[in-house]
Amino acid sequence: MNFVRIGGHITNPLPVLAHLQTDGSFWVKQKKGRCAAWLEKANQSATLKQKWDLNVANSTQSEWMSIEHGILFALENNEECMAIENDNLGVVSALIGCRWLSNEWEKYCFQRIHKLAKQSVWTGIRWIPRELNKADQILR
């Protein structure tokens, strides 16, 4: 699957992009969410990892928040051209416009993520299988 642009000042990606993988999780018994980002800098000088505790109601909200936090993390680390990968097909489909947003919370996150992506030079996203998502390893 190719990356689909979700924001940025230019329409086509640069030849060198930061590689960002994000993931979210939710523990029902603890009512606790977490998300993580795995960022390989565009110049390949470093791989950065980060995780955050979340106040969310379910795992889908954790996935939405992982993408938002991931973009912020990339921008804070001076990466303005990024290729995002996430293993939640529903969230990725919604962000690229292939799925109707089912509730106000998703619409709110959609708007926040696209607003962040617009601050970049180029941001694209695609779905990957969970076993390829390195951010999943951070949450374990």
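Every number here is computed from the coordinates shown, using simple stated rules; none is lab data. The structure displayed is predicted, hence computed values, not measured ones. So basically every Cβ, Gly included, is an ideal-geometry build from the backbone, and we count neighbours across all protein chains shown.
Observations, loosely collected:
- Averaged over residues, the count of other Cβ atoms within 10 Å places the peptides 66-79, 108-121 in the sequence 66-79, 108-121, highest first.
- Separation in nanometres of the label points that stand 7 Å from Cα toward Cβ, at Glu76 and Asn12: 3.4
- Under 16 Å, Cα to Cα: Lys pairs in the chain, sequence gap 8 or more or different chains: 6
- Counting every other Cβ atom within 10 Å of each residue's Cβ, Asp53, Asp136, Asp23, Asp87 order from fewest to most as Asp53, Asp136, Asp87, Asp23.
- Within the shell of other residues whose beta carbon sits under 12 angstrom from the beta carbon of Met65, the net charge comes to -2, with Lys and Arg scored +1 and Asp and Glu -1.
- Phi to ³J(HN,Hα) by Karplus 6.51 cos²θ - 1.76 cosθ + 1.60 over the stretch 48-57, Hz, x for Gly, Pro: 10, 10, 8, 9, 9, 7, 10, 9, 10, 9
- Phi to ³J(HN,Hα) by Karplus 6.51 cos²θ - 1.76 cosθ + 1.60 over the stretch 80-94, Hz, x for Gly, Pro: 10, 10, 9, 10, 9, 10, 9, 9, 9, 4, x, 5, 4, 4, 5
- Cα gyration tensor category, rounded, prolate or oblate, for the stretch 8-83 with a/c compared to 1.5: prolate
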